[in-house]
Structure formats: structure tokens, C-alpha cells
Amino acid sequence: MVPVLLTRVVDTSAAVGATRSRKEKTTALAALLRLAEPDEVEPTTAWLAGEPRQGRIGAGWRTLSGLVTDPADEPSLTVAGVDETLTELAGTSGAGSTRRRRELLGELFGAATEAEQKFLVRLLTGELRQGALEGVMLEAIAAAADVPAASVRRAFMLSGRLPGTAVVALSGGAEALDAARLEVGRPVRPMLASPGSSLDAALESLGTDVTVEFKLDGARIQVHRDGDEVRVWTRTLREITDGVPELVEQVRSLPCRSAVLDGETLALDDDGRPRPFQDTMSRFGSDATEEQALLSPFFFDLLHLDGKDLLDEPLQVRLDALAGLLAAPEQAPLRMPGVRTPTPEQAATVLDDALGAGHEGVVVKALDGPYAAGRRGKAWQKVKPVHTLDLVVLGAEWGYGRRTGSLSNIHLGARDPDGGEPIMVGKTFKGMTDELLAWQTRTFPEYASGESPGAVLLRPELVVEIALDGAQRSVRYPGGVALRFARVLRYRPDKTPGEADTIDAVRALLAE
């Protein structure tokens, strides 16, 4: 067995970043995965997707940027060896841990070439984490294992872990992938909705065999129940069970033995209207307290019920099962408001009711579609009266005048669907309160990757929701398109850069 060297990963990462061709990216990634031994597949896949498989390892930008180590002349580090070091780093805690981390990093970087050092710094500080590589990596895994891409996507949907899916595909092939099943207690990647230009357009696209439901100004949740045990995850599959006891109790009271529910949650005021989004998200933080606003759940899908998986059933069947589960009068408030097979007039009424209640709009869903996790297909289309985009913050400029001393004008990037760096589409300083300016000034340095005259450059990790009037053609930005009258609505800690809107979504606004 010839171990794969780290330099092969570095070279492949560079080759992927240097081309905009999805086919070339897939070919390069697949070629490397074919070389990897079983114990090398998981770390290799994780690194190429942009992060260590161990998650955070306790070494930030300041620590790594202050590491002064001469690079090695020749590559010698192996994938397995580097992964072992990262595992030890992640597990180092307690007395003397700072010194031990420094020793481990010193040994690692001392054995790395200059190119490997730069790669490791970007990997460990999150600068490789674009999220957009996910789709390309799935195609590469399928190509490397010579299995259908649909099998890889489904196994990934059910496991939620890209590196683990790669291991299954390359070690067990299509048969092992197809054997994957939904497991109560292990979160499934959520199905996503694509932006719809209008209610009429969504209905014309999907026909009359649809359901039209409220689109809340809340946070996505997935709740699993197995007997008395109830667990809750966010849309990024981060577990928040301990912080949301009221959600746990409501699901525990349902008349079933096991269930997997998909929905949204938000904080409501005494009149039943949504409180500010920040009130909802504050419940998901590590500093959440019992004095904060209670959350109300609204479920719109059911993926499993009492031993039967419903993922592959049409939405119509899943909704029937959900209606049966929430049939009791006291459980009616747990269902997402909506109407099935509405007339155009009824659909318009649902939209008016949602907006009148203070929510964002509606989601139009095809009733014949299965649950396609992690994908923004046309089967679900969200319709809002105001254009909004979730974009990545690439940098911020120091303000002047009243905003002197504050990081103000933010640089906005759309996701490259082919796995490249985010593509800049504009800047904005509008919509920022004094509180938000203070938060940006306090928080952005933690994500700094460099500086330019009058500005701080940021790692592409923060997602912000922007309202805009549309888009226009522009030679100023590399994507050939710029935002019109963009203003900040809020930051989205519940979303990753991989869930940001793509450059294609921005270009789609050109015609409007």
C-alpha cells in the first residue's frame, strides 16, 4: 500500500480552484479519491470539501498566523498522518493544552512544504470552507466509485455526512449505498425551496396539484422522536435539543411511538404575530436562558411514522399522514397553515393571510414529489413580495462621518454553483442599525483573512439576508451582474455559505 501524500490533496485542491469547468473539477477530485486507501478516503473528502473531519480543532487564525516555521524542502506528510495529528489537536484540552497544541502544530508545519503550510492554514481557519463544493464532490464520489450519482445523493441525504458517504461508496459500491435507510435519531438533510418570481408563476409552473403553505419568518427544525426520547436539529444539522424543552414536550405528547417531523419554529408575541427573527435565533445559542421567548413549532412534513419511512412517498401521502398525527384539536396549532389543490383565488388568499399575519409569504409545493433532501429543486418554490437573497459577506469597509470607527459597507458574494470562490455582486451599507454596526465592528475581526485599503477582508463564512429591488448587468463585478438598491435585513446564523443563493439566482432577477 502506497500512502497518499498531503501534496496530492494540495495539488488537487489547487487544480479544482483554478478551473470553472464542473467536469474538470469532478475528474480531478475523482482521480484522487481512487488513489485513497480506506482510512484515507474520509479525511481526503473532508479536506477537499473544505474542513477537517474533526470540526474545530482549537487553533484559530491568530495562533496559526503567529506560527513561524521554516517549510520543508520536499513533501513527506501523508494524509493519514496529518489526520492523526488533527485528531490529537481536537482532543487536547485541560492543563497544558495550549503548549501541547503549539507543539503539535509546530511539528506538523515543520514537516510541511510551503504550499502545504498555506493549504493547512486555509483549511484550519475555514478559508477553504465554501460549501459550494458539495455538489461537485458528490459527482466525484460517484465517478470514483463507478456508481449512480442518485445512489450517492440519497445515501448522503440519509447520513448527512459527505466523508462517510464517500467511504461507503468506495468500499461497498452501489449495493452498500442503496442499503442506507433513514435512522430515527440521525438527522436527514432538509429539502430546500427555490425562489419563485411570483405566485402566478409558481402555480403556472407546478399546476393545480399543489399545496400552498405559509412561509414563516422563523428557523427550520427537524424533530426526531423514538419512544420518550425527542431530539431537535437545525437546518445545518446542529443539535439544539437541550435548549428547546418546549418543543421536546410538544412532540413527546403526540400519539405515536416514533416520528421524524420537518418544520419551522419561531417566537410569537401575545397577539400571535412573529417576534423579531433575532428573538428566535437567540434560543439556539449557547447562552440561551429560560427567560427568553418561548418557541412555537409549525410542522409541514412527516418523513417517518411508527416504523414506516415516508421519504419516497409523494407529498400528498406524507401530508395525509401528518394530518392524521396532528388530528386532535389541541394539536391543530402545530400544523403549518395552508391549502391543498387551491384555486388561484384561494392561493392568493393564503398569501394575503400569511402577509397579514406578519410572515414572509408562501411556499408552493408539488403534491406528487418525494422528499429530495439538500436540493433546491422546482418542486418547492417560495414566493415573497419582496426580493431577498442570502449572500456571503466577503469584506467590510470602515465607515466615515457618523459611522467613523465602524465596519459599515459590506461586500456581498453569491455562491458559485460549480464550487469556486463566492462571486462578488455588490456592496451595501443600507438597513444597518447602530446596534448592527456595533455587532459587525465587534464580530468581523474574528473572521478576518486580510486587509485592503480602508477595508477588512473576511473568510466566506457569514451569511446575510439582503432585500433588493432587482439586478442589473454590470462590468464592475466578475459575475456580470450587480444588485439594485440592496439593503440588509438580518444575518442568518442558521445558514451556512453552502446554503447561500447562487450567482444564477442573482442573474435570474435581470428579467424582472
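Its residue count N fixes a reference of 2.2 N^0.38 Å for the chain, and the Cα radius of gyration divided by that reference is 1.00.
In the calculated pair-distance distribution of the range 369-512, the portion above 23 angstrom amounts to 34 percent of the Cα-Cα pairs. Within the accessible area of the chain, what % is carbon and sulfur when the probe is 1.4 Å and the other protein chains stay in place? Accessible surface attributable to carbon and sulfur in the chain totals 50 percent. When only alpha carbons are used to place a centre, the range 380-412 and the range 436-477 end up 6 Å from one another.
Find out how many positive minus negative residues lie around E24, taking Lys and Arg as positive, Asp and Glu as negative, among other residues whose Cβ is under 13 Å from that of E24. Kindly include the intermediate steps, with their values, before the conclusion.
Values: positive: R20, R22, K23, K25; negative: E139, D418.
Within the 13 Å Cβ shell, the charges total +2.
How much accessible surface area, in Å² rounded to 10, belongs to the heavy atoms of T92 with a 1.4 Å probe? Surface open to solvent at T92 totals about 20 Å². Ordered from highest to lowest accessible area with the whole protein assembly present and a 1.4 Å probe, Y371, Y400 read as Y400, Y371.
Per residue of the chain, what 222 nm ellipticity follows from adding -39500 (n - 2.57) for every DSSP H run with n ≥ 4, rounded to the nearest 500? The partial results should precede the final answer.
Numbers: 17 runs with 183 residues, N = 512.
The helix contribution divided over the chain gives -10500 deg cm²/dmol.
If you sort F485, F300 by accessible surface, 1.4 Å probe, largest first, the order is F485, F300.
Among the DSSP helices (H) of the chain, none spans at least 30 angstrom by Cα along its long axis with an average Kyte-Doolittle hydropathy of -1.0 or more; this is a geometric and hydropathy rule only.
Can you tell me which of 318-324, 353-359 comes out highest on packing, and rank the rest after it, using the mean Cβ neighbours within 10 Å?
Details: 318-324: 18.7, 353-359: 16.7.
Ranked by mean Cβ neighbours within 10 Å, highest first: 318-324, 353-359.
For H387, the residues whose amide H sits under 5 Å from its own are L468, ignoring neighbours fewer than 5 places away on the same chain, with H placed 1.01 Å from N. Per residue, the range 240-368 exposes an accessible area of 45 Å² to a 1.4 Å probe, with every protein chain left in place.
Could you do me a favour and compute the accessible area per residue for the range 1-132, 1.4 Å probe, result in Å²?
Numbers: 6570 Å² over 132 residues.
Per residue, the range 1-132 has an accessible area of 50 Å².
Largest first, how would M191, M424 line up by accessible area (1.4 Å probe)?
On the way: M191 10, M424 40 Å².
Putting M191, M424 in descending order of accessible area: M424, M191.
Charge tally around V230: other residues with Cβ under 10 Å, Lys/Arg +1 each, Asp/Glu -1 each, net -1. In the context of the full protein assembly, L237 retains an accessible surface of approximately 40 Å², using a probe radius of 1.4 Å and ignoring ligands and nucleic acids.
How much accessible area does H304 have with a 1.4 Å probe, in Å² rounded to the nearest 10? We get 10 Å² for H304. Which shape class applies to the range 193-349: rounded if a/c is under 1.5, otherwise prolate when a/b exceeds b/c and oblate if not, where a ≥ b ≥ c are the square roots of the Cα gyration tensor eigenvalues? It comes out oblate by the Cα gyration axes. Taking other residues whose beta carbon is less than 15 angstrom from the beta carbon of M336, and scoring Lys, Arg as +1 and Asp, Glu as -1, yields -1.
The values are calculated or read from the model by the stated rules, or taken from the named source; none is laboratory data. All values derive from a computational prediction rather than experimental measurement. Cβ atoms come from the backbone with ideal geometry, glycine included; neighbour counts cover every protein chain shown. Accessible surface is based on the protein model in full, side chains and every heavy atom, while ligands, DNA and RNA are left aside. Shrake-Rupley method; radii C 1.70, N 1.55, O 1.52, S 1.80 Å.
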